[in-house]
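Chemist: Dropping a structure here in structure tokens format, bear with me for questions.
The values are calculated or read from the model by the stated rules, or taken from the named source; none is laboratory data. None of these values were measured; they are calculated from a predicted model. All Cβ positions, even for glycine, are placed from backbone atoms using ideal geometry, and neighbour counts span all protein chains on display. Just the protein is used for accessible areas: all its heavy atoms, side chains included, with ligands, DNA and RNA removed. Shrake-Rupley method; radii C 1.70, N 1.55, O 1.52, S 1.80 Å.
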Amino acid sequence: MALASKVTSLTGLSFQLRSVVPADAEVVLKLRGQDGDRQKYLNPISDDVEAQKAWIAKQNTTENDYYFVIEDRFTKEPVGLIGLYNIAGNRAEWGRWIVDSSSLAAVESVNLLMAFGFNDLGLSEIYCQTVADNAAVVKFHDGYATKQPPDPSLTVSLRGETYQLVEHILTRASYETTVAGKWDTFCQQIFNRRLAGELGCFEFHHIGIAVRSVKDAAYGYRLLGYQAESSFTDPEQGVNGLFMTAKSQPRIELLENMEGSHVLDSWHKQSVTPYHFAYFVTDIPHALEVMGKLGIRQITPVKQSVYFGAPIVFLLLPNRFMIELMEKTK
């Protein structure tokens, strides 16, 4: 089993998990002390920063114990904590979970942790134990895991009070066949709304396709119902282009090198291939800032498009597929 310190981050769409380090001591104390009502269901910890640093340093070297800060990828701010521990055989417990009440990180943080446990650690079962009085959290667990029969011996003592615990179990089979798909869909919807909110506009426009000859390629697409919309020459980019449209199909942009240009050569080596997806945005500098936080890298300067008469820029996704942003004019 790997040491906790060897896990640096688990990246999702809107949120990521990164291993807690001693420098996070104040963050941990702030998150755990945020909500008095929820705090009463957490194991009490010292509010001394140095004591917390020492605990985290020890935890970082403990095998079979993973503790993460939940970070918002849009704001880069810590919004919660979560852990996976008590790993024995193919079974583990998860908990130490707290999420800022204003954040939407709950589902994605748990999904990232479960995927890590089942896919990376090879676990077959992950369970959690929750104070029965913590109704909101018990209800969350009821929605994805199997609640176990009441066990009178399953209790915890917190601040002099004894509480009954409720245990939920999620199996790898259930996660893979049912839960993961539902959570992935939910997380994608959250991300889509947040991205649209950040950018103001993220409107699909076309698929760019690198070809050796626009004329020859256009004939093939006409056999799919496409017809020419408009053509252009852009010396700044070194390409000739043709936009084509077809009913119930996405707009495409066929691009060929201008004479003496080699900008598309690397795509030509792969024959005819999708070159990029293009999107309208309202503010390219802001869009570059947002997408940079998401690991989407700018690879060209911002240029003025001859065809659109507006700024454009190209970026590279983590999977190395290229996208184009075009600033939408009024």
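Chemist: Suppose R0 equals 35 Å; then what is the FRET efficiency for Phe204 and Tyr41 from their Cβ-Cβ distance, rounded to the nearest 0.05?
Modeler: 0.20
Chemist: May I ask you to derive the relative contact order of the chain, considering only C-alpha pairs under 8 Å and at least 6 residues apart, and to give it as an integer percent?
Modeler: Once divided by the residue count of the chain, the mean separation gives 12 percent.
Chemist: Something else now. Would you work out which of Pro149, Asn240, Val27 lies farthest towards the positive end of the dipole of the chain? Charges go on Cβ: Lys and Arg +1, Asp and Glu -1.
Modeler: Highest projection toward the positive end goes to Asn240.
Chemist: Of Ala210, Val306, Tyr66, which is farthest towards the positive pole of the chain's charge dipole, taken about the Cα centre with +1 and -1 on the beta-carbons of Lys, Arg and Asp, Glu respectively?
Modeler: Ala210
Chemist: So, for the chain, what is the accessible surface per residue at a probe of 1.4 Å, expressed in square angstrom?
Modeler: 51 Å²
Chemist: Can you find, among Gly117, Leu104, Leu81, the residue sitting farthest towards the positive end of the charge dipole of region 70-117, where Lys and Arg contribute +1 and Asp and Glu -1 at Cβ?
Modeler: Most positive-ward Cα: Gly117.
Chemist: I would also like to ask the following. Where nothing but the Cβ of Lys and Arg (+1) and of Asp and Glu (-1) is charged, how large is the charge dipole of the chain around its Cα centre, in debye to the nearest 20?
Modeler: The dipole of the chain has a size of about 500 debye.
Chemist: Could you go through region 163-178 in sequence order and give the Karplus-derived ³J(HN,Hα) for each residue, using 6.51 cos²θ - 1.76 cosθ + 1.60 with θ = phi - 60°, rounded to whole Hz, and x for Gly and Pro?
Modeler: Residue by residue, region 163-178 yields 10, 6, 9, 10, 9, 10, 10, 10, 8, 4, 4, 5, 4, 5, 8, 10 Hz.
Chemist: Between Thr8 and His262, what FRET efficiency comes out of the Förster formula 1/(1 + (r/R0)^6) with R0 = 45 Å and r the beta carbon distance, rounded to 0.05?
Modeler: Numbers: r = 39 Å, r/R0 = 0.86.
Plugging the Cβ-Cβ distance into 1/(1 + (r/R0)^6) gives 0.70.
Chemist: Using θ = phi - 60° and the Karplus curve 6.51 cos²θ - 1.76 cosθ + 1.60, what whole-Hz ³J(HN,Hα) does each residue of region 221-230 get, with Gly and Pro shown as x?
Modeler: 3J(HN,Hα) across region 221-230, in whole Hz: 6, 5, 6, 9, x, 7, 9, 5, 9, 6.
Chemist: Where does the chain land at 222 nm, in deg cm²/dmol rounded to the nearest 500, when only DSSP H runs of n ≥ 4 count, each adding -39500 (n - 2.57), divided by all residues?
Modeler: When only DSSP H runs of four or more count, the value is -7500 deg cm²/dmol.
Chemist: Give the aspartates and glutamates whose C-alpha is closer than 16 Å to that of Lys58, dropping any in the same chain fewer than 8 places away, or say none.
Modeler: Asp24, Asp48, Glu50
Chemist: Here's something else I'd like to know. What does the convex hull of the alpha-carbon atoms of region 23-173 project to on average, in nm²? Don't skip to the answer; put the middle values down first.
Modeler: Working: hull surface 38.5 nm².
So the Cα hull casts an average projection of 9.6 nm².
Chemist: Once the cut-off is 23 Å, how many percent of the Cα-Cα pairs in region 197-330 end up in the long-distance tail? Before the final figure, lay out the partial values.
Modeler: Numbers: 2914 of 8911 pairs.
Summing the P(r) of region 197-330 above 23 Å gives 33 percent of all pairs.
Chemist: Using a Cα-Cα cut-off of under 21 Å, which lysines could be cross-linked to Lys147, ignoring same-chain neighbours fewer than 8 residues away?
Modeler: Lys139, Lys182
Chemist: Collect residues whose amide H, placed 1.01 Å from N in the peptide plane, falls under 5 Å from the amide H of Asp65; neighbours closer than 5 in sequence don't count.
Modeler: The answer is Ala4.
Chemist: Pulled fully out, how much extra length does the chain show between Ile169 and Gln227, if you take 0.36 nm times their separation in residues and subtract their Cα-Cα distance?
Modeler: On the way: separation 58, 0.36 × 58 = 20.88 nm, distance 5.61 nm.
Stretched fully, the Ile169-Gln227 segment lengthens by 15.3 nm.
Chemist: Given a 1.4 angstrom probe, I'd like the percentage of the accessible area of the chain that is carbon and sulfur, rounded to a whole number.
Modeler: Working: 8570 of 16870 Å².
On the chain, the fraction of accessible area on carbon and sulfur atoms equals 51 percent.
Chemist: What FRET efficiency comes out for the pair Ser102/Lys215, r = Cβ-Cβ distance, R0 = 56 Å, nearest 0.05?
Modeler: 0.50
Chemist: Evaluate the charge dipole of region 250-330 about its Cα centre and quote only its size in Debye, nearest 20, assuming +1 on the Cβ of each Lys and Arg and -1 on the Cβ of each Asp and Glu.
Modeler: 240 debye
Chemist: Give me a comma-separated list of calculated 3J(HN,Hα) values for region 81-88, in order, Karplus coefficients 6.51, -1.76, 1.60 applied at θ = phi - 60°, integers in Hz, x for any Gly or Pro.
Modeler: 9, 7, x, 10, 7, 6, 7, 9
Chemist: Still on this structure, I have one more. Cross-link candidates for Lys328: which lysines have Cα within less than 29 Å, leaving aside residues fewer than 8 places away along the same chain?
Modeler: Those lysines meeting the cut-off are Lys76, Lys215, Lys247, Lys293, Lys303.
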